[in-house]
1. Considering only residues that are under 16 Å from residue 35 (Cβ atoms) and within 17 Å of the chain's Cα centre (by Cα), look in the stretch 189-207 and name the one that is surrounded by the most Cβ atoms within 10 Å (Cβ to Cβ).
2. Pull out all pairs, ordered by first then second residue, where Cβ-Cβ is under 7 Å, the residues are six or more apart or on different chains, the first lies in the stretch 59-74 and is on the phi > 0 side of the Ramachandran plot, and the second is surrounded by fewer than 22 Cβ atoms within 10 Å (Cβ to Cβ) and outside any helix (DSSP H, G or I).
3. Within the stretch 1-59, track down each residue that is crowded, with 22+ Cβ neighbours inside 10 Å and part of a strand (DSSP E or B).
4. Just to be sure, is residue 153 in a helix (DSSP H, G or I), in contact with a strand residue (DSSP E or B) (Cβ under 9 Å, 6 or more places away or on another chain) and closer than 13 Å to residue 205 by Cβ?
5. Tell me which residues, restricted to the stretch 162-188, are closer than 23 Å to residue 38 by Cβ and more than 18 Å from the chain's Cα centre (by Cα).
6. Regarding residue 47, is this residue within 15 Å of residue 148 (Cβ to Cβ) and touching a residue at least 40 places away in the same chain (Cβ under 8 Å)?
7. Taking the stretch 166-207, which residues are in a loop (DSSP other than H, G, I, E, B), free of Cβ contacts under 8 Å to residues at least 60 places away in the same chain and in contact with a strand residue (DSSP E or B) (Cβ under 8 Å, 6 or more places away or on another chain)?
């Protein structure tokens, strides 16, 4: 019963395309895809799917057999309900008080003909991690861009680095723009003694 595959896109009430996002078209996505040539990409925090679609288009261009799994609650990070709740770009499309932004994500995937590549997993990052771990999924490339709270980011980095296949890459956004992200990355670097590369706003850890 609780299974997600390409059938989720069938009979979708398609919304107009809206790929608004934050940094999801940066060159780093295609650069890392070329480097890793991943079979499995996991994105933790996807919003309307801008970065996922950027990666899907990249794997198409390079003729890779790649699946992208997008883990998100589509309920909004803390700032969506707090300090930044009035910003237009964080509109959760509430219906009877419940966010509907998930359907914008699905519509964007369909508009970009990426249904065979992108599969959403509507859940928390922790449940997503536990699900992938229990099913012995070993991603080659993992993108972290969910909560910006230091404790949340640190937990996501720890969990998903564990899942990452040897030779894979874990990376994320907002290193120079969110203090919580920078602190979490730096703490992980110090405690696990790993190298962190910073390119623009992105942080990159190779396993």
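1. Checking each candidate, the answer is 203.
2. If the second residue must be surrounded by fewer than 22 Cβ atoms within 10 Å (Cβ to Cβ) and outside any helix (DSSP H, G or I), the pairs left are 74/99; 74/122.
3. Residues satisfying the conditions are 41, 42, 43, 44.
4. Numbers: in a helix (DSSP H, G or I): yes; in contact with a strand residue (DSSP E or B) (Cβ under 9 Å, 6 or more places away or on another chain): yes; closer than 13 Å to residue 205 by Cβ: yes.
Against the criterion (in a helix (DSSP H, G or I), in contact with a strand residue (DSSP E or B) (Cβ under 9 Å, 6 or more places away or on another chain) and closer than 13 Å to residue 205 by Cβ), residue 153 qualifies.
5. Within the stretch 162-188, the first condition is being closer than 23 Å to residue 38 by Cβ, and the residues that meet it are 162-175, 181, 185, 188.
Once the filter is applied, which keeps residues that are closer than 23 Å to residue 38 by Cβ and more than 18 Å from the chain's Cα centre (by Cα), the stretch 162-188 yields 166, 167, 188.
6. Details: within 15 Å of residue 148 (Cβ to Cβ): yes; touching a residue at least 40 places away in the same chain (Cβ under 8 Å): yes.
The answer is yes for residue 47.
7. Matches in the stretch 166-207: 175, 176, 194, 195, 196, 207.
Quick grid of which residues meet (1) surrounded by 17 or more Cβ atoms within 10 Å (Cβ to Cβ); (2) under 21 Å from residue 10 (Cα atoms); (3) at pLDDT 85 or above:
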| site | (1), (2), (3) |
| --- | --- |
| 86 | no, no, no |
| 89 | no, no, no |
| 94 | no, no, no |
| 98 | no, no, no |
| 103 | no, yes, yes |
| 115 | yes, yes, yes |
| 121 | yes, yes, yes |
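The values are calculated or read from the model by the stated rules, or taken from the named source; none is laboratory data. If you're wondering where the values come from, they're calculated on a predicted model, not measured in any experiment. Neighbour counts run over all protein chains shown; Cβ positions are idealised from the backbone, glycine included.
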